[in-house]
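The structure under discussion appears below in the form of structure tokens.
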Amino acid sequence: MAGVSDMFANLHRRRLDWSFRVYVKRIFEHRFSSSEGFTLEMVLQDSEGVRVHASVPKALVNRWVGVIKEFKMYKMSFFIVVEKKHYI
């Protein structure tokens with residue numbers, strides 16, 4: 001992965017100007033209920049092999065569903081880093 005890019009091992013919540021070159025390992029839809037719609041969930045991997053879970057919020061799913069594909073490499077920017085959430 002050529003070029004200047006950030007690594008997942010350096011992630012923290014105080015920074016907003018992230019730029020990652022990532023490989024999309026897995027994409028799946030997570031539906032909370034039939035009336036609420038769904039989120040787009042992904043497992044991303046950087047060039048060092050570190051993997052993270054990423055979510056596209058419900059409001060933006062229609063923009064990205066079908067555009068981002070599994071087993072492809074992308075440059076992704078403007079990440080917002082949040083605490084890990086546990087769904088029950």
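The number of Lys pairs in the chain with C-alpha atoms less than 16 Å apart, excluding pairs fewer than 8 positions apart on the same chain, is 4. Its relative contact order, with pairs defined as Cα atoms under 8 Å and 6+ residues apart, puts the chain at 35 percent.
In sequence order, region 52-68 has phi-based couplings of 9, 9, 10, 10, 9, x, 3, 5, 10, 4, 4, 6, 10, 5, x, 8, 7 Hz under the Karplus curve 6.51 cos²θ - 1.76 cosθ + 1.60, θ = phi - 60°, and Gly or Pro positions carry x. Report note on the peptides 71-78, 10-17, 40-47: ranked by the mean count of other C-beta atoms within 10 Å, highest first, their order is 40-47, 71-78, 10-17. Estimated purely from DSSP H runs of n ≥ 4, each contributing -39500 (n - 2.57), the mean residue ellipticity at 222 nm for the chain is -500 deg cm²/dmol once divided by its residues. Using Cβ point charges alone (K and R +1, D and E -1), the dipole size of the chain about the Cα centre works out to roughly 40 debye.
Karplus-derived 3J(HN,Hα) values for region 15-31, using 6.51 cos²θ - 1.76 cosθ + 1.60 with θ = phi - 60°, are 10, 10, 9, 6, 9, 10, 9, 10, 10, 7, 7, 7, 10, 8, 9, 10, 9 Hz; glycine and proline are entered as x.
Every number in this text was worked out from the coordinates using simple rules, so none of it is lab data. Here the structure is a predicted model, which is why all the values come from computation and not from measurement. All Cβ positions, even for glycine, are placed from backbone atoms using ideal geometry, and neighbour counts span all protein chains on display.
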